[in-house]
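All remarks here apply to the structure that follows.
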Amino acid sequence: FKTGRTLQNRNGLLVMPTGSGKTYTAVHWLLTDGIAKGYRIVWLVHRQELVKQTYNEFQRSLYLLKDTNVKKVKIFPISGDSDHGRMRNAIGADIYICCRNSVVNKNGYRFIERMLGHQGKRKLIIVCDEAHHAVSRGYRRVITRMTNLNPNRILLGLTATPYRMSEDEQAIFQDMFNVNKNLKNHKGINGFVYQITNVDLIRTKFLAAPIPVPVPTNIDAELEFEMTDEDRMTFATNDFYVK
């Protein structure tokens, strides 16, 4: 990503299995190579619970800045939770951890420019947690808005599952994070900034080997299940692909 330089179209995916430390890895890089160099961070999540989890990881990792010129860091969590802030109050922080719905909605969207501020228009890193959701219209609208405000922003996606069910959405997803471009230019691993598999992590004993346990469900697998209109509405509302 070459932080500290003025470059456009810096997009990439960090692909790591669940439980392997995607948040930990990204937070360490963001603090040592982002905050320490004057970048503003906007971290987007698709679930409210992830706001608190990410906030706690940043707090635990602030010791990484002890030998830098950064003496104070303001972290501002944004979601519908009563303990978190709102977009209308998002101003002057170094790190914003935002639930997507709070930024995408009409009231939140209009405060994006103020949230970035002068610093964010100069140096900005956008993080999409569970980045396979980033193909949704809401996510893309927010990212486009931030990109228009700072064309030199860095876009980092985190995911354990770098694919979509729909071919069209998969093409959009790969284009958003420069997967094909990186493959063509022989950058990264499989087109990603970095990738490691469960097999590698189990082999090195970073993760425990799974022990499968059969659970009886009494479901007849021969039955064909049909989706109701309510099911389709739920999937559409949560940006899942429904055919």
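Taking the range 54-168 and the strands (runs of 3 or more DSSP E) fully enclosed by it, the elements with 2 or more residues that are within 14 Å of Tyr39 (Cβ to Cβ), in contact with a strand residue (DSSP E or B) (Cβ under 6 Å, 6 or more places away or on another chain) and among the aliphatic types (A, V, I, L, M) are at 124-128, 154-159. Residues in the range 176-213 that are more than 23 Å from the chain's Cα centre (by Cα) and small (Gly, Ala, Ser): Ala208, Ala209. Of the residues contained in the range 195-205, none is found to be assigned to a loop (DSSP other than H, G, I, E, B), exposed (fewer than 15 other Cβ atoms within 10 Å of the Cβ) and touching a helix residue (DSSP H, G or I) at 6+ places or on another chain (Cβ under 8 Å). Assess whether Thr6 counts as being of a type in the set (Ser, Thr, Tyr), open to solvent by 30 Å² or more (accessible area, probe 1.4 Å), farther than 21 Å from Arg110 by Cα and outside any strand (DSSP E or B). Criteria met by Thr6. Within the range 69-109, the set of residues being farther than 21 Å from Phe58 by Cβ, open to solvent by 70 Å² or more (accessible area, probe 1.4 Å) and either touching an Asp or Glu at 6+ places or on another chain (Cβ under 7 Å) or without any contact (Cβ under 8 Å) to a residue 12 or more places away in the chain (or both) comprises just one member, Lys106. The residue list Leu13, Leu50, Leu44, Leu31 contains one member that is open to solvent by less than 30 Å² (accessible area, probe 1.4 Å) and touching a Pro at 6+ places or on another chain (Cβ under 7 Å), which is Leu13. Selection of first residues in the range 145-162 that are under 17 Å from His46 (Cβ atoms) and of second residues that are part of a helix (DSSP H, G or I), restricted to Cβ pairs under 6 Å at least 6 apart or on distinct chains, gives the following pairs, ordered by first then second residue: Gly157/Ala131; Leu158/Lys22; Leu158/Ala26; Leu158/Ala131; Thr159/Ala131; Thr159/His132; Thr161/His132. If you go through the range 135-153 one residue at a time, do you hit one that is in contact with a Phe, Trp or Tyr (Cβ under 6 Å, 6 or more places away or on another chain), farther than 19 Å from Thr23 by Cα and among the β-branched types (Val, Ile, Thr)? Yes, that holds for at least one residue.
Let's see how each residue does on (1) touching a helix residue (DSSP H, G or I) at 6+ places or on another chain (Cβ under 7 Å); (2) among the basic types (Lys, Arg); (3) surrounded by 19 or more Cβ atoms within 10 Å (Cβ to Cβ); (4) within 21 Å of Val27 (Cα to Cα):
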{"site": "Leu116", "(1), (2), (3), (4)": "yes, no, yes, yes"}
{"site": "Ile126", "(1), (2), (3), (4)": "yes, no, yes, yes"}
{"site": "His132", "(1), (2), (3), (4)": "yes, no, yes, yes"}
{"site": "Val135", "(1), (2), (3), (4)": "yes, no, yes, no"}
{"site": "Gly138", "(1), (2), (3), (4)": "yes, no, no, no"}
{"site": "Val142", "(1), (2), (3), (4)": "yes, no, yes, no"}
{"site": "Leu149", "(1), (2), (3), (4)": "yes, no, no, no"}
{"site": "Leu156", "(1), (2), (3), (4)": "yes, no, yes, yes"}
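Taken over the range 173-190, the residue count meeting the criterion of being open to solvent by less than 90 Å² (accessible area, probe 1.4 Å), without any contact (Cβ under 8 Å) to a residue 12 or more places away in the chain and either within 15 Å of Ser136 (Cβ to Cβ) or touching a helix residue (DSSP H, G or I) at 6+ places or on another chain (Cβ under 6 Å) (or both) is 1.
The values are calculated or read from the model by the stated rules, or taken from the named source; none is laboratory data. These numbers come from a predicted model, not from an experiment. Backbone-built Cβ (ideal geometry, glycine too); neighbour counts: all protein chains shown. For accessibility, only protein heavy atoms count, side chains too; no ligands or nucleic acids. Shrake-Rupley method; radii C 1.70, N 1.55, O 1.52, S 1.80 Å.
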